[in-house]
Amino acid sequence: MARRRAHATTPELTTRERILDVALDLFVRKGYAETSLREIAAELGFSKAALYYHFAGKQDILIELHRRTHELTDEALPLLQAFGQAHDDTWLRLIDGLMNVALRNRRLIELHLRNQEVIMALHRDAAAMEKHGPIRNEVEDYVMGLVRDPSAPADRRVRRIATLGIVAAALLGGGALADVSDDELEAAVRGVVHEVLGVGAARA
């Protein structure tokens, strides 16, 4: 479940957050294209027209959810800075930190993984991007740069790719892992990742 953000407890903000939470659940379960505003309103128990008081349309809901990934980027960037200064346990420290951020916000990450075509189309929509703000790929670019590092031996790069794949698989587990708490899932994924990296994972 996506981590709730702290907001002033005004009725409007509370309703907006409820709309976003319900939309997030439906977009993950059914897909963005297959989810209607009427379904979102029905889940909330009020009319479709009432949604328009808070959001101009379904795309605006998606944009607001997409903005939340920027907050995850802000949370993850310090991990990259610390990684750049580390000399031991580098990849293990980085993947552990990113895993913590991703799994605590797994529904939000799952939304983007399951609706990649829609997100890409959103990035190509000039009007939408004016609302959304600049695309930020710092975390992805940095991590993939480490995976592609030509100075790293092939087996080390394979381990790095494998650990990213394990985290992605856990996020896309859907119904198979729906009954697993965030803490339990993180512990399980962390254990598998550490097995893949092996003893002395600092050299990964």
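Within the range 48-145, which helices (runs of 4 or more DSSP H) (wholly inside it) include 2 or more residues that are among the polar types (S, T, N, Q) and modelled with pLDDT under 80?
Details: elements: 48-51, 58-85, 90-104, 106-114, 116-124, 126-132.
Counting at least 2 such residues, we get 58-85, 90-104.
Within the set of pairs 6 or more residues apart or between chains, which connect a residue that is aliphatic (A, V, I, L, M) inside the range 173-193 to a residue that is assigned to a loop (DSSP other than H, G, I, E, B) with Cβ atoms less than 9 Å apart?
From residues that are aliphatic (A, V, I, L, M), the pairs are Val180/Gly173; Leu185/Gly173; Ala188/Val180.
The values are calculated or read from the model by the stated rules, or taken from the named source; none is laboratory data. Since this is a predicted model, take the numbers as computed values, not measurements. Reconstructed Cβ throughout: ideal geometry from the backbone, glycine too, with neighbour counts over all protein chains shown.
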